Structures are given as structure tokens and as C-alpha cells.
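J.: Once you've had a glance at the structure underneath, I'll fire off some questions.
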């Protein structure tokens with residue numbers, strides 16, 4: 001049989017076989033495997049139970065104990081004691097100063113790391129993250145060894161009448177050290193995702209450094225900056241370990257809100273301790289709400305920046 005006739009016969013045989021089998025139907029897609037319903041329900045109940053036991057129940061107990069004597073007793077516990085009033089005032093003055101210092105440093109550090117490649121960049125980032133790995137108590141002890149009466153700079157400070165330890169400056173230093181990385185670490189990914197194209201364009205059009213920062217850089221990083229400030233402030237308000245070491249725990253002078261709560265518990269003044277604790281808890285809840293809002297804005301800003309860079 002000629003070769004062409006053989007190919008034609010083979011093709012006709014395949015066609016007739018396919019016609020007998022019917023049209024080709026693709027197999028249905030395989031569904032992703034799922035855990036049994038019992039497992040999913042059990043894990044959900046366990047997670048909710050742990051959150052309720054470790055978070056919701058203690059928070060509810062704080063407010064219950066704080067308002068046990070009614071609203072009048074709650075207000076009296078907060079403003080009726082001079083030492084408690086001073087602790088609230090001291091916290092509301094130390095934390096903003098520490099946050100302001102870390103905001104200035106955080107913006108500068110994040111901009112340098114995001115825009116430049118230099119020897120020691122990895123070491124610099126490690127030093128920025130150092131407060132995350134060092135115990136706050138150790139940090140407070142370091143400040144005592146540096147600025148205390150018998151520390152490295154203590155005699156010189158004492159000779160010039162400058163009081164750092166067991167005073168307001170020491171509280172600011174300790175709080176600033178503990179909250180050191182927050183702003184820089186939140187701004188770094190934002191600056192890297194935004195890129196430097198707009199800044200280079202502004203400079204090429206004649207803008208100086210300040211004009212570029214205020215009109216180009218700051219609008220691009222504003223949500224990430226606010227997010228870092230919120231986290232930094234929350235940590236500053238609740239700092240205990242480092243402040244405990246450098247403050248001297250002097251009632252009416254160097255007690256912040258966390259230190260005052262600890263002292264009230266030792267004095268068995270439970271209603272006042274819970275009232276002050278509820279105030280810190282309210283600050284934490286407000287911070288959580290602001291964090292959730294700003295986190296969404298930062299996420300959308302990064303996604304928009306990534307989309308613009310790809311297009």
C-alpha cells in the first residue's frame with residue numbers, strides 16, 4: 001500500500017474511534033482539600049477561648065474593678081490624690097518628648113537607609129533594632145552607669161548642676177531608648193516602596209532639600225509616619241522596666257503611670273490602681289483603633305506605589 005494511502009487510512013481509523021467514544025470532556029477540577037468540620041470548629045473555639053481568657057476577661061475585670069464604686073469613685077481615684085495626678089502629668093509630658101525625638105531620628109534614619117548604600121548599613125540597621133533585643137531593665141542600668149552620681153559623666157554633670165538620673169531628663173532618655181526603633185522601622189518599607197523618582201524630579205526642577213522633604217517626601221510617607229508615631233506613643237506610655245531603674249521610684253516626683261499603679265497595688269489601694277490602669281487601657285484601645293485605621297492606609301499606599309512602579 002502506498003505511504004499516502006496508509007496515512008489516510010490511519011487518520012480515518014482515529015477519527016472513527018473518536019466518534020465512537022464521543023466528544024472529549026475535561027475532568028472536573030479537583031477541589032482543595034479541607035480539614036474536617038470538627039477540626040475547624042475545635043480550633044476556632046480554642047482560639048476564641050484563649051483570646052477571651054488572656055485578653056478580654058482581664059480587660060473587662062480592669063474596668064469592672066475601676067468602676068466598682070461608681071463614676072464618682074472612679075474620678076476621685078484619679079484626681080483625688082496628688083501623687084496620682086502628678087504621675088498622669090509626668091507620663092503625658094515624658095512620652096510626647098520621647099516620641100518627638102524618635103520621630104526626628106526615625107525619619108532621618110529611614111531616609112538614609114532607603115536612599116543610600118554605604119559600608120556598615122547592615123550594622124546600622126542592627127543598632128536601630130537593638131532596643132528590641134535588650135531588656136529595658138538593662139537599658140536603665142546602662143543609663144545609671146553613664147549618668148549616675150558615680151557614672152562616667154556623673155561627676156561632670158553634678159559639677160555643672162545638671163540632674164539626669166532620678167529626674168525628668170532620665171525618664172525621657174530611658175523612654176526614648178525603649179521606643180527607638182518604631183518610627184524608623186515603619187517608615188523604611190514605605191520609603192523603599194515609594195522610590196526616589198519623585199524626589200529626583202523635584203531636585204531637577206530646582207527644589208532644595210527642605211522643599212523636597214515637605215512637598216514630596218512627607219506627603220508620600222505621612223500615613224506610615226503616623227502609624228509609627230502611634231506605636232511609639234503606645235510603647236512610651238506603658239514603659240515600666242527602664243523607667244523604674246532611672247526614676248528612683250520617688251512618689252510625687254518621678255513616678256509615671258505604670259510605676260504609680262505598681263505602688264498603689266503595694267499599698268493595697270486596689271480601686272485607685274484599677275482606675276489608673278483603666279486609663280492606660282483606654283489609651284491602648286484608642287491606639288489599637290488608630291493602628292487598625294493607619295495600617296489599612298499604609299497597606300493601600302504601598303500597593304498603589306507598587307502598581308505605579310510596575311506600570
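The values are calculated or read from the model by the stated rules, or taken from the named source; none is laboratory data. The shown structure was predicted, so the numbers you read here are calculated from the model rather than taken from an experiment. In this analysis, Cβ positions are derived from the backbone assuming ideal geometry, glycine residues included, and neighbour counts consider all displayed protein chains.
J.: Out of (1) over 23 Å from residue 109 (Cα atoms); (2) within 25 Å of the chain's Cα centre (by Cα); (3) surrounded by 18 or more Cβ atoms within 10 Å (Cβ to Cβ), the odd one out for residue 148 is which?
T.: (2)
J.: Among the residues of region 258-275, are any within 20 Å of the chain's Cα centre (by Cα) and either modelled with pLDDT of 80 or more or farther than 22 Å from residue 92 by Cα (or both)? Step through it out loud before you land on a result.
T.: Initially, region 258-275 is screened for residues within 20 Å of the chain's Cα centre (by Cα), giving 258.
Still in the running and either modelled with pLDDT of 80 or more or farther than 22 Å from residue 92 by Cα (or both): 258.
Looking for residues that are within 20 Å of the chain's Cα centre (by Cα) and either modelled with pLDDT of 80 or more or farther than 22 Å from residue 92 by Cα (or both), one finds at least one in region 258-275, hence yes.
J.: Please work out which one of (1) assigned to a loop (DSSP other than H, G, I, E, B); (2) closer than 20 Å to residue 138 by Cα; (3) in contact with a helix residue (DSSP H, G or I) (Cβ under 6 Å, 6 or more places away or on another chain) is the condition residue 149 fails and give its number.
T.: Answer for residue 149: the failing condition is (3).
J.: Would you point out the residue of region 185-201, among those that are touching a helix residue (DSSP H, G or I) at 6+ places or on another chain (Cβ under 6 Å) and crowded, with 18+ Cβ neighbours inside 10 Å, that is farthest from residue 121 (Cα to Cα)?
T.: 199
J.: Within region 166-214, can you find the residues that are part of a loop (DSSP other than H, G, I, E, B) and touching a residue at least 40 places away in the same chain (Cβ under 8 Å)?
T.: So the first thing to find is which residues in region 166-214 are part of a loop (DSSP other than H, G, I, E, B), and the list is 166-167, 179-181, 195-196, 205-208.
Correct list: 166, 167, 179, 180, 181, 195, 196.
J.: OK, next. Go over the candidates 38, 50, 104, 112 one by one and state the one that is at pLDDT 90 or above, surrounded by fewer than 17 Cβ atoms within 10 Å (Cβ to Cβ) and more than 30 Å from residue 264 (Cα to Cα). Before you say what the answer is, go through the steps one by one.
T.: On the way: 38 fails: at pLDDT 90 or above; 50 fails: more than 30 Å from residue 264 (Cα to Cα); 112 fails: at pLDDT 90 or above.
Of 38, 50, 104, 112, the one residue that is at pLDDT 90 or above, surrounded by fewer than 17 Cβ atoms within 10 Å (Cβ to Cβ) and more than 30 Å from residue 264 (Cα to Cα) is 104.
J.: Right, another one. Kindly indicate the residue of region 131-145 that is within 22 Å of the chain's Cα centre (by Cα) and free of Cβ contacts under 8 Å to residues at least 40 places away in the same chain and also nearest to residue 245 (Cα to Cα) among those meeting that condition. Step through it out loud before you land on a result.
T.: Going residue by residue through region 131-145, those that are within 22 Å of the chain's Cα centre (by Cα) are 131-140.
Within this subset, residues satisfying the condition of being free of Cβ contacts under 8 Å to residues at least 40 places away in the same chain are 133-134, 138.
Working: 133: 18, 134: 14, 138: 9 Å.
Top of the filtered list is 138.
J.: May I pose another question? So which pairs qualify, if the first residue must be in region 99-117 and more than 13 Å from residue 225 (Cα to Cα), the second must be not in a helix (DSSP H, G or I), the Cβ gap must be under 7 Å, and the two must be at least 6 apart or on different chains?
T.: Every condition considered, the pairs that remain are 115/196.
J.: Criterion first (on the phi > 0 side of the Ramachandran plot, touching a residue at least 60 places away in the same chain (Cβ under 8 Å), touching a helix residue (DSSP H, G or I) at 6+ places or on another chain (Cβ under 8 Å) and surrounded by fewer than 20 Cβ atoms within 10 Å (Cβ to Cβ)) does residue 241 satisfy it? Please lay out each step first, then the result.
T.: Details: on the phi > 0 side of the Ramachandran plot: no; touching a residue at least 60 places away in the same chain (Cβ under 8 Å): yes; touching a helix residue (DSSP H, G or I) at 6+ places or on another chain (Cβ under 8 Å): yes; surrounded by fewer than 20 Cβ atoms within 10 Å (Cβ to Cβ): yes.
No; evaluated as a whole, the condition is false for this residue.
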